[in-house]
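Engineer: Dropping a structure here in structure tokens format, bear with me for questions.
The values are calculated or read from the model by the stated rules, or taken from the named source; none is laboratory data. Computed from a prediction, not measured in an experiment: that's the story for all the values here. Cβ coordinates were reconstructed from backbone atoms using ideal geometry, including for glycine residues, and neighbour counts include every protein chain displayed. Each accessible area value is taken on the protein alone, full model and side chains, heavy atoms only, with ligands, DNA and RNA left out. Shrake-Rupley method; radii C 1.70, N 1.55, O 1.52, S 1.80 Å.
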Amino acid sequence: MLKSADVLEVIDKETARVMLYKHKKCHGCGSCNKHMHPGSIVTAANSVHAKQGEMVDVRVHKKFSLTEFSIGYLLPIAAFFGGLLLVNLLFGERGGNASVVLAFALLFAAIAANVIYKKKYQPHYTVSIVKIIRPAEPRL
């Protein structure tokens, strides 16, 4: 995702601290990058050698997390089919309705675990400056 930012300070030749702006099309719903909201101050790779005070475009990329993927997608599927399989193994043909009930109960438990995990999860982002929008100018 591309966002606009201000360069607050240049740390070294290849790194700078930037403050993110709200994107023009953003309506503030919080669904995209809730941890990288407007006003966030982050360290970014500065391959274009932007200077302090310049307005830049930055690319924000969320790193893939196997744990997040497993809890969000694999656990609910495994819980549902595991519930079906468990009751069928224990009761055979007699457990028809019970297998569906247990499958959905385990599915909802997996979804609840996902919600709890998402509240505590802090994703890792890589931020890099891709281009300078406006050069630094004296501000009055």
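Engineer: I'd like to check something: does segment 101-113 contain any residue that is within 27 Å of Leu2 (Cα to Cα) and touching a residue at least 24 places away in the same chain (Cβ under 8 Å)?
Structural biologist: Within segment 101-113, none of the residues are within 27 Å of Leu2 (Cα to Cα) and touching a residue at least 24 places away in the same chain (Cβ under 8 Å).
Engineer: If you go through segment 78-111, how many residues are open to solvent by less than 40 Å² (accessible area, probe 1.4 Å) and touching a helix residue (DSSP H, G or I) at 6+ places or on another chain (Cβ under 9 Å)?
Structural biologist: Taking segment 78-111 and keeping what is open to solvent by less than 40 Å² (accessible area, probe 1.4 Å), we get 79, 82-83, 87, 92, 95-96, 99, 103, 107, 110.
Then keep just the ones that are touching a helix residue (DSSP H, G or I) at 6+ places or on another chain (Cβ under 9 Å); that gives 79, 82-83, 87, 95-96, 99, 103, 107, 110.
Here the count works out to 10.
Engineer: So which residues in segment 112-127 are part of a helix (DSSP H, G or I), surrounded by 14 or more Cβ atoms within 10 Å (Cβ to Cβ) and of a type outside the set (S, T, N, Q), if there are any at all? Spell out how you get there, then give the answer.
Structural biologist: Residues of segment 112-127 part of a helix (DSSP H, G or I): 112-120.
Filter once more, keeping what is surrounded by 14 or more Cβ atoms within 10 Å (Cβ to Cβ): 113-114, 117.
Listed by number, the residues that qualify are Ala113, Tyr117.
Engineer: Are there any pairs with C-beta distances below 7 angstrom linking a residue in segment 59-79 that is within 28 Å of Val42 (Cβ to Cβ) to a residue that is assigned to a helix (DSSP H, G or I), with the two at least 6 apart or on different chains, and if so which?
Structural biologist: Ile71/Ala113; Ile71/Asn114; Ile71/Tyr117; Gly72/Asn114
Engineer: Considering only segment 46-77, state which residues are out of contact with any strand residue (DSSP E or B) (no Cβ under 7 Å at 6 or more places or on another chain) and surrounded by 15 or more Cβ atoms within 10 Å (Cβ to Cβ). Spell out the reasoning first.
Structural biologist: Our first condition is that a residue be out of contact with any strand residue (DSSP E or B) (no Cβ under 7 Å at 6 or more places or on another chain); within segment 46-77, this holds for 49, 64-77.
Glu68, Ile71, Gly72, Leu75, Pro76 - these are the residues of segment 46-77 that are out of contact with any strand residue (DSSP E or B) (no Cβ under 7 Å at 6 or more places or on another chain) and surrounded by 15 or more Cβ atoms within 10 Å (Cβ to Cβ).
Engineer: If I ask for residues that are open to solvent by less than 50 Å² (accessible area, probe 1.4 Å), in a loop (DSSP other than H, G, I, E, B) and either at pLDDT 60 or above or in contact with a Lys or Arg (Cβ under 9 Å, 6 or more places away or on another chain) (or both), which ones from segment 1-45 would you list?
Structural biologist: Those that are open to solvent by less than 50 Å² (accessible area, probe 1.4 Å), in a loop (DSSP other than H, G, I, E, B) and either at pLDDT 60 or above or in contact with a Lys or Arg (Cβ under 9 Å, 6 or more places away or on another chain) (or both): Cys26, Asn33, Met36, Gly39, Ser40.
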